[in-house]
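Shown next, in structure tokens, is the structure this report addresses.
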Amino acid sequence: MPIIKSAIKRARQTITRRSRNLQVKRAIKQDITALYTAISTGEAENITSSLSMAYSQIDRAVKKAPFTKTPLLARRACSLKQLLRFQPKKPLQLKPPKLLPSLQPKKLLPKSPLPKKLPPRKLLPRL
């Protein structure tokens, strides 16, 4: 057990952060497994609702940044691939997923036209 007050406080904070992060991880895992079970059963309403829940949990976790972006976005892409492999009896009506502002492609500015060639400088005679 630490003796210094700041070390005691830091230990308390790590415990609360760890429990919060584990709750978020658990929620993401539950939503993704719910999505996979909905895909395997083939019910369109369950698929759309579980997909939106999983995406919102992943986006919230990336936004709050307790985890790194890459594995979470890989899970999101993997779940989308699973969904695209699925052949439903009724066609699914899905909205395209919204990207976080940090993940959206950057807008390219239009290129400015090339500057006109300047006339050649007049050389002064040497003295």
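The values are calculated or read from the model by the stated rules, or taken from the named source; none is laboratory data. Note that the coordinates shown come from a computational prediction; the quantities given were computed from them, not determined experimentally. Note: ideal-geometry Cβ built from the backbone for every residue, glycine included; neighbour counts use all protein chains shown.
Applying a threshold of 8 Å to beta carbon distances and a minimum spacing of six or more residues, or different chains, the list of pairs starting in the stretch 45-73 at a residue that is part of a loop (DSSP other than H, G, I, E, B) and ending at one that is of a type outside the set (G, A, S) reads P66/R17; P66/R20; P66/N21; P66/V24; F67/N21; F67/V24; F67/K25.
How many residues does the stretch 23-35 contain that are closer than 13 Å to L83 by Cα and surrounded by 16 or more Cβ atoms within 10 Å (Cβ to Cβ)? Reasoning before the result, please.
Filtering the stretch 23-35 for residues closer than 13 Å to L83 by Cα gives 32-35.
Narrowing the set further to residues that are surrounded by 16 or more Cβ atoms within 10 Å (Cβ to Cβ) leaves 32, 34-35.
Going through the stretch 23-35 one residue at a time, the tally reaches 3.
For the residues T37, T41, T33, T14, the requirement of being under 19 Å from the mean Cα position of the chain (by Cα), at negative phi and among the hydroxyl-bearing types (S, T, Y) singles out T33. On inspection, P2 does not qualify as outside any helix (DSSP H, G or I), over 20 Å from L84 (Cα atoms), of a type outside the set (A, V, I, L, M) and in contact (Cβ under 8 Å) with a residue 24 or more places away in the chain.
Conditions (1) over 30 Å from R17 (Cβ atoms); (2) at pLDDT below 65, marked per residue:
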{"site": "T70", "(1), (2)": "no, no"}
{"site": "F86", "(1), (2)": "yes, no"}
{"site": "K90", "(1), (2)": "yes, yes"}
{"site": "Q93", "(1), (2)": "yes, yes"}
{"site": "P96", "(1), (2)": "yes, yes"}
{"site": "K117", "(1), (2)": "yes, no"}
{"site": "L123", "(1), (2)": "yes, no"}
